[in-house]
1. Mind jotting down the distance between the C-alpha centroids of region 113-190 and region 1-25, whole Å?
2. Could you work out the relative contact order of the chain? I mean the mean sequence separation of Cα pairs under 8 Å and 6+ apart, divided by the number of residues, in percent.
3. Skip the ligands, DNA and RNA, and give the accessible area per residue of the chain with a 1.4 Å probe, whole Å².
4. Going Cα to Cα from Lys157, which lysines come in below 27 Å? Please leave out same-chain ones fewer than 8 positions away.
5. I'd like the projected area of the chain, averaged over all directions, using the convex hull of its alpha carbons. Report it in nm² with one decimal.
6. Tell me what the chain gives for mean residue ellipticity at 222 nm when only DSSP H runs of n ≥ 4 count, each as -39,500 (n - 2.57), the sum divided by the residue total, rounded to 500 deg cm²/dmol.
7. Tell me the angle of helix 50-59 to the major Cα principal axis of the chain, expressed in degrees between 0 and 90 and rounded to the nearest ten.
Amino acid sequence: MRVTKFTHSCLRIEGDGVLVVDPGEFSERSALDGADAVLITHEHMDHLDVAAVADAAGKRPELRVFAHAEVLPKLAAFGDIATAVGPGEQFGAAGFRVRAFGGHHALIHPDIPRIANLAYLIGDDDTNVYHPADSFTVPEDTAVDTLFVPLNAPWMKLMESIDFVRAVQPGRAYALHDALLTPTGAKISDGHLDRLSGAAYEHVAPGTTI
(Lines give C-alpha, C1' and ligand atoms only; values in the text may rest on other atoms or scores of the structure.)
Protein backbone atom coordinates (compact mmCIF):
# COMPACT_ATOMS: atom_id res chain seq x y z
CA MET A 1 0.00 0.00 0.00
CA ARG A 2 1.37 3.42 -1.05
CA VAL A 3 -0.24 6.49 0.53
CA THR A 4 0.40 9.94 -0.93
CA LYS A 5 -0.64 12.94 1.16
CA PHE A 6 -2.03 15.80 -0.90
CA THR A 7 -2.85 19.28 0.39
CA HIS A 8 -5.17 19.48 3.39
CA SER A 9 -7.33 16.35 3.75
CA CYS A 10 -6.77 14.41 0.53
CA LEU A 11 -5.08 11.01 0.37
CA ARG A 12 -4.27 8.89 -2.67
CA ILE A 13 -3.91 5.21 -1.79
CA GLU A 14 -2.39 2.82 -4.32
CA GLY A 15 -2.32 -0.97 -4.27
CA ASP A 16 -4.00 -3.21 -6.80
CA GLY A 17 -6.09 -0.14 -7.64
CA VAL A 18 -6.11 3.59 -6.92
CA LEU A 19 -8.38 4.96 -4.20
CA VAL A 20 -8.66 8.69 -3.43
CA VAL A 21 -10.11 10.07 -0.20
CA ASP A 22 -11.52 13.60 0.01
CA PRO A 23 -10.37 15.37 -3.16
CA GLY A 24 -11.40 18.85 -1.97
CA GLU A 25 -11.01 22.33 -3.37
CA PHE A 26 -7.79 22.89 -1.41
CA SER A 27 -6.26 19.74 -2.91
CA GLU A 28 -4.42 19.14 -6.16
CA ARG A 29 -6.58 17.72 -8.95
CA SER A 30 -3.73 15.42 -9.92
CA ALA A 31 -4.67 13.26 -6.92
CA LEU A 32 -7.54 11.94 -9.06
CA ASP A 33 -5.43 10.95 -12.08
CA GLY A 34 -6.26 7.36 -12.99
CA ALA A 35 -8.36 6.82 -9.85
CA ASP A 36 -10.59 3.76 -9.72
CA ALA A 37 -12.68 4.90 -6.76
CA VAL A 38 -13.23 7.92 -4.53
CA LEU A 39 -14.33 8.08 -0.91
CA ILE A 40 -16.04 11.28 0.24
CA THR A 41 -16.26 11.82 3.99
CA HIS A 42 -18.70 14.76 3.88
CA GLU A 43 -19.99 17.62 1.77
CA HIS A 44 -17.74 20.54 2.79
CA MET A 45 -15.77 22.08 -0.07
CA ASP A 46 -12.38 21.35 1.48
CA HIS A 47 -13.27 17.65 1.26
CA LEU A 48 -15.34 17.53 -1.94
CA ASP A 49 -14.52 19.39 -5.13
CA VAL A 50 -17.54 18.47 -7.24
CA ALA A 51 -16.04 19.92 -10.43
CA ALA A 52 -12.81 17.96 -9.98
CA VAL A 53 -14.67 14.69 -9.41
CA ALA A 54 -16.89 15.40 -12.44
CA ASP A 55 -13.81 15.98 -14.57
CA ALA A 56 -12.24 12.73 -13.34
CA ALA A 57 -15.46 10.82 -14.05
CA GLY A 58 -15.59 12.27 -17.54
CA LYS A 59 -12.10 10.98 -18.25
CA ARG A 60 -12.69 7.62 -16.57
CA PRO A 61 -16.33 6.44 -16.83
CA GLU A 62 -15.61 3.37 -14.68
CA LEU A 63 -14.78 5.61 -11.68
CA ARG A 64 -16.89 4.84 -8.60
CA VAL A 65 -17.68 7.23 -5.75
CA PHE A 66 -18.75 6.25 -2.22
CA ALA A 67 -20.32 8.71 0.21
CA HIS A 68 -22.97 9.11 2.89
CA ALA A 69 -26.53 9.25 1.54
CA GLU A 70 -26.76 12.93 2.53
CA VAL A 71 -23.89 13.75 0.17
CA LEU A 72 -25.35 11.95 -2.87
CA PRO A 73 -27.57 14.87 -4.00
CA LYS A 74 -24.37 16.83 -4.70
CA LEU A 75 -23.27 13.97 -6.96
CA ALA A 76 -26.60 13.49 -8.74
CA ALA A 77 -25.28 14.78 -12.06
CA PHE A 78 -22.80 11.90 -12.19
CA GLY A 79 -25.49 9.30 -12.77
CA ASP A 80 -25.07 5.88 -11.20
CA ILE A 81 -21.36 6.09 -10.34
CA ALA A 82 -22.14 7.16 -6.74
CA THR A 83 -23.04 4.65 -4.02
CA ALA A 84 -24.45 5.48 -0.58
CA VAL A 85 -22.66 3.98 2.42
CA GLY A 86 -23.25 4.41 6.13
CA PRO A 87 -21.64 3.86 9.52
CA GLY A 88 -20.89 0.22 10.25
CA GLU A 89 -20.84 -0.81 6.60
CA GLN A 90 -17.99 -2.70 4.96
CA PHE A 91 -17.42 -2.63 1.21
CA GLY A 92 -14.80 -2.93 -1.49
CA ALA A 93 -13.37 0.00 -3.41
CA ALA A 94 -10.48 -0.04 -5.91
CA GLY A 95 -9.44 -3.43 -4.59
CA PHE A 96 -9.31 -2.28 -0.97
CA ARG A 97 -11.44 -3.36 1.95
CA VAL A 98 -13.14 -0.28 3.45
CA ARG A 99 -15.03 0.08 6.71
CA ALA A 100 -17.09 3.18 7.55
CA PHE A 101 -17.34 4.65 11.05
CA GLY A 102 -18.89 7.66 12.73
CA GLY A 103 -21.85 9.39 11.16
CA HIS A 104 -21.64 13.02 12.29
CA HIS A 105 -19.37 15.99 11.70
CA ALA A 106 -17.74 17.41 14.83
CA LEU A 107 -19.67 20.29 16.40
CA ILE A 108 -18.54 23.69 15.14
CA HIS A 109 -21.09 25.73 17.11
CA PRO A 110 -24.60 24.95 18.44
CA ASP A 111 -26.00 27.49 15.96
CA ILE A 112 -24.53 25.58 13.00
CA PRO A 113 -26.48 22.43 12.06
CA ARG A 114 -24.37 19.28 12.11
CA ILE A 115 -23.99 17.32 8.89
CA ALA A 116 -23.13 13.72 8.08
CA ASN A 117 -19.48 12.69 8.26
CA LEU A 118 -17.94 9.26 7.71
CA ALA A 119 -14.53 8.09 8.84
CA TYR A 120 -12.93 5.36 6.72
CA LEU A 121 -10.58 2.51 7.62
CA ILE A 122 -8.90 1.32 4.44
CA GLY A 123 -7.00 -1.96 4.24
CA ASP A 124 -6.79 -5.22 6.14
CA ASP A 125 -6.15 -5.96 9.80
CA ASP A 126 -2.37 -5.76 9.42
CA THR A 127 -1.91 -2.87 7.02
CA ASN A 128 -4.49 -0.12 7.09
CA VAL A 129 -5.04 3.63 6.99
CA TYR A 130 -7.63 5.50 9.05
CA HIS A 131 -9.03 8.82 7.79
CA PRO A 132 -11.41 10.38 10.37
CA ALA A 133 -12.30 13.44 8.28
CA ASP A 134 -13.91 16.15 10.44
CA SER A 135 -14.33 14.07 13.54
CA PHE A 136 -12.47 12.34 16.32
CA THR A 137 -14.36 9.07 15.90
CA VAL A 138 -12.37 6.23 17.44
CA PRO A 139 -12.80 2.94 15.54
CA GLU A 140 -13.77 0.70 18.45
CA ASP A 141 -12.20 -2.76 18.71
CA THR A 142 -10.06 -2.06 15.65
CA ALA A 143 -6.28 -1.93 15.41
CA VAL A 144 -5.10 1.03 13.35
CA ASP A 145 -1.73 0.80 11.62
CA THR A 146 -1.54 4.32 10.14
CA LEU A 147 -3.65 7.18 11.50
CA PHE A 148 -4.13 10.57 9.88
CA VAL A 149 -4.92 13.02 12.66
CA PRO A 150 -6.59 16.43 12.13
CA LEU A 151 -4.16 19.22 12.98
CA ASN A 152 -6.30 22.37 12.77
CA ALA A 153 -9.94 23.28 12.09
CA PRO A 154 -12.76 25.57 13.32
CA TRP A 155 -14.31 22.54 15.04
CA MET A 156 -11.36 21.40 17.13
CA LYS A 157 -8.60 22.23 19.59
CA LEU A 158 -5.21 20.59 19.72
CA MET A 159 -5.89 18.80 22.99
CA GLU A 160 -8.56 16.78 21.16
CA SER A 161 -6.05 15.71 18.51
CA ILE A 162 -3.60 14.57 21.15
CA ASP A 163 -6.26 12.62 23.05
CA PHE A 164 -7.54 11.14 19.78
CA VAL A 165 -4.13 9.66 18.94
CA ARG A 166 -3.84 8.33 22.50
CA ALA A 167 -7.26 6.68 22.20
CA VAL A 168 -6.62 5.10 18.80
CA GLN A 169 -3.06 3.97 19.67
CA PRO A 170 -1.89 3.65 16.06
CA GLY A 171 1.40 2.25 14.87
CA ARG A 172 2.17 5.70 13.47
CA ALA A 173 0.39 8.99 12.90
CA TYR A 174 0.54 11.73 10.28
CA ALA A 175 -0.97 15.21 10.16
CA LEU A 176 -4.22 15.77 8.25
CA HIS A 177 -6.48 18.80 7.77
CA ASP A 178 -3.50 21.11 7.93
CA ALA A 179 -4.02 23.77 5.22
CA LEU A 180 -5.49 26.35 7.60
CA LEU A 181 -2.29 26.66 9.68
CA THR A 182 0.71 28.86 8.92
CA PRO A 183 4.09 27.11 8.97
CA THR A 184 4.80 28.77 12.32
CA GLY A 185 1.54 27.54 13.83
CA ALA A 186 2.07 24.06 12.43
CA LYS A 187 5.46 23.77 14.15
CA ILE A 188 3.86 24.53 17.51
CA SER A 189 1.06 22.00 17.03
CA ASP A 190 3.46 19.40 15.64
CA GLY A 191 5.70 19.75 18.65
CA HIS A 192 2.87 19.08 21.07
CA LEU A 193 1.64 16.05 19.10
CA ASP A 194 5.14 14.65 18.82
CA ARG A 195 5.77 14.93 22.55
CA LEU A 196 2.35 14.10 23.97
CA SER A 197 0.41 11.82 21.62
CA GLY A 198 2.26 8.62 22.51
CA ALA A 199 2.70 7.61 18.86
CA ALA A 200 5.37 8.07 16.23
CA TYR A 201 4.09 11.28 14.63
CA GLU A 202 5.12 13.16 11.49
CA HIS A 203 3.85 16.13 9.51
CA VAL A 204 4.68 15.52 5.85
CA ALA A 205 4.58 17.93 2.92
CA PRO A 206 1.99 17.59 0.14
CA GLY A 207 3.18 15.09 -2.43
CA THR A 208 4.94 12.89 0.11
CA THR A 209 4.39 9.15 -0.42
CA ILE A 210 4.38 6.82 2.55
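1. 15 Å
2. 17 percent
3. Heavy-atom SASA per residue in the chain reads 44 Å².
4. Within the straight-line limit of under 27 Å, Lys157 reaches these lysines: Lys5, Lys187.
5. If I average the Cα hull's projected area over directions, I get 10.6 nm².
6. -5000 deg cm²/dmol
7. 50 degrees
The values are calculated or read from the model by the stated rules, or taken from the named source; none is laboratory data. Treat the numbers as computed from the prediction; the structure is a model and nothing was measured. Side chains are part of the model used for accessible areas, which takes the heavy atoms of the whole protein and leaves out ligands, DNA and RNA. Shrake-Rupley method; radii C 1.70, N 1.55, O 1.52, S 1.80 Å.
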